[in-house]
Amino acid sequence: MLLATNEVDAESRRKYLFDILESESLYPHFQPIVDLKNNVVIGHEALIRGPAGTVMASPGALFQTAIENNLLHTLELLSRRKSLEAFAELNPGGQLFLNISASLLGTPEHTEGFTAELLQELGISISDIVIELSEQHPFDQQGLTHAAVEHYRNMGFQVAVDDLGTGYSGLKLWSELKPEYVKIDRHFISDIDSDPVKREFVRSIYNISNTMGCKVIAEGIERQEEVKTIQELGINIGQGFYLGYPSPEPQTVEPPVADVYDSANAPRVENCETAHSLLRNAPTVSIQDTVLSVSDLFRTHPEVSSLPVVHEGVPQGVVRRSSLFELFSTQYGRALYGTKPVERILSHDVLIVDAGMSLDEVSRLITEHEQNEIQQDLIITQNDLYVGMGNVRDLLKRLTELKVQNAQYANPLTLLPGNVPINNEVDALLNQSADFHVAYFDLNNFKPFNDCYGYSKGDQVIRLLGELLVQHASYDSNFIGHVGGDDFVVIYRSPDWQLSCERIIREFDKAVKGFYCDGDLKAGGIWASDRQDNRTFFSFLGLAVGVVHPDPCCCNSFHEVAELAAMAKKEAKKSAESAMFVSRRRCITTSVADSLRCFA
């Protein structure tokens, strides 16, 4: 019998463990992993528990006892089997993340396909399983090689590195394995909204992950503010008690994050122009300057409404013309305060933005900023050091200009930006040396469908695709454009580009069958004339997606990026069904003729 006490010696714990293994008294729990952008559960991490009310109830005691008694391998295999059986029975959908000790991956039971055989018996696809490797079990501890990990990759498993940031070995795992996922340890997520050091660490992880092509999952989320902050940093997948507790019943309802950051209602600018474009030169003031000297600066610069106060390059706030004149208008005001240091009238109520921040993000911050005024000035920094001032009126003027420009070139069918804004967006990103992916969407078998069902239904299909792109790829940092006809482009700055493309393909394949009549549905397609006027059978409309990751150091303009995307799309269209092709080619390495095509 298992006892309900924490005061248990090592021998008793060993016996409890043997009892658990013999009776298979392990109970899987599932914690949701959430797509924060779309507010949906995309998978679960399997966590094991011992019998409730016993010293072995917690996974910590359970696995520590197993390690002490050389039973970790036995416990892990049983835990995995119980988790997979429960997952198959409950069938919550999405991916299942399984914790596997890195040091045990090379054992015979693993290499001989224990997990793969079990998955086949349970009817679970290997592609739905993500193997989590933790730095708690060092990569090289038992001589594990890249070949051992690649063995599982070749079988169809995906790989995640867990607890990134708690030690050197996790970073080593990440760089050597190039996993599909990396999970940032909860230490760096806790209170990230108030800790600039943690924000910079997570920002660096996000940037590196984009370069390596892996997805980032933030662990340990417990507050709304943490969700908002990691989304602002570009991370859109999370896990933690705020999103859902581990439970025997996998969570399938919407997590409570929809009201945290609604990108659909955020001000949008279909251009990646940044706050740097708002820069205005203005004289600066030091903390030691007197109020009278500041008054002289205002008199010699009548166009300036605020003066930035800077100490050792770091902005401290502003002195506003209105505040100074109000002070001097009082009796004896000039005499009393003229020789005082400027910090006596320093205002900290000023918005400070980075020069690299997009204009739509600056606009969103302004709408959230308390006591904001239409005449409000901005302090613009780079690496937290002062570079100049900006003005809200200039921002609004530029936003309006961009909106008008985009409207001029919008596609009339979908109202999405057309060729000129697309090309401008790509050129701007290249000039910034930004990291981005371009996904080129094109319909398969569209011409015969259009010929058979008419242009009206063809337009409905095109609008459907546009709506799916907006629904699943719309985010402040992304750009959605309609090249023309059935060709679309999404420029992804967010790291979830692959998940987004896969979801768009899946939703399109599901929805497009609603455009066919019953007879064609039963036949699996339509008969129509091909381009040579031969009678040919065409299967259902499909979606070809070519994805490229341009190297901004090698690509000189949108022409080259467009050529890369067109080649990737061409590869995707080789499939008879909907398909995504991710090109490894990042630049045009050979000479290209003058006829390089753009997205037009």
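What follows draws every value from the coordinates through simple rules; no lab data is involved. The shown structure was predicted, so the numbers you read here are calculated from the model rather than taken from an experiment. We place every Cβ from the backbone using ideal geometry, glycine too, and count neighbours over all the protein chains shown.
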Pull up the cross-link candidates among the lysines for K403, meaning alpha carbon to alpha carbon under 27 Å and not fewer than 8 places away within one chain.
-> K37, K228
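In what order do C554, C452 fall by count of nearby beta-carbon atoms within 10 Å, going from fewest to most?
Lowest count first: C554, C452.
I'd like the FRET efficiency for R280 and L336, computed as 1/(1 + (r/R0)^6) with the beta carbon distance as r and R0 of 25 Å, rounded to 0.05.
Rounded to the nearest 0.05, the efficiency is 0.20.
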Rounded to whole Hz and in sequence order, give me ³J(HN,Hα) for the range 338-348 from the Karplus expression 6.51 cos²θ - 1.76 cosθ + 1.60, θ = phi - 60°, writing x for Gly and Pro.
-> x, 9, 6, x, 5, 4, 5, 10, 5, 10, 8
Given 4 °C, 1.567 mPa s and a Kirkwood radius over Cα pairs, the Stokes-Einstein diffusion coefficient of the range 275-397 in µm²/s is 87
So how far, in whole Å, is the C-alpha centre of the range 42-74 from the one of the range 201-215?
-> 31
5 angstrom amide H check on G43, placed H, neighbours 5+ away | I33, Q95
Extension reserve of the L396-R299 stretch, reckoned as 0.36 nm per residue once the Cα distance is removed = 32.2 nm
Treat the count of other C-beta atoms within 10 Å as a stand-in for reagent exposure and order T536, T400 from fewest to most.
-> T400, T536
Report the semi-axes of the equivalent ellipsoid for the range 410-582 in whole Å, largest first, where each axis is √(5λ) for an eigenvalue λ of the Cα gyration tensor.
-> 30, 16, 15
Positive dipole terminus of the range 275-397, leading residue within V291, L385, A355 (C-beta point charges) | V291
Quick one: which of K178/K513; K513/K573; K178/K198; K522/K574; K522/K573; K183/K397 span more than 30 angstrom between C-alpha atoms?
-> K178/K513; K183/K397
Neighbourhood net charge (13 Å Cβ-Cβ; Lys/Arg +1, Asp/Glu -1) for F449 = -2
Taking placed amide H atoms and a strict 5 Å upper bound, the residues 5 or more places from Q316 or on another chain that come that close are V309, V310, H311
Listing E560, E117 by rising number of other beta-carbon atoms within 10 angstrom, fewest first, gives E117, E560
Counting sequence-distant residues (5 or more places) and residues on other chains, those with an amide H built under 5 Å from that of E132 are L98, N99, I100, A160
Provide the per-residue ³J(HN,Hα) series for the range 183-190, in order, calculated from phi with Karplus coefficients 6.51, -1.76, 1.60 and θ = phi - 60°, each as a whole number of Hz, with x at glycine and proline positions.
-> 10, 7, 4, 4, 4, 7, 9, 4
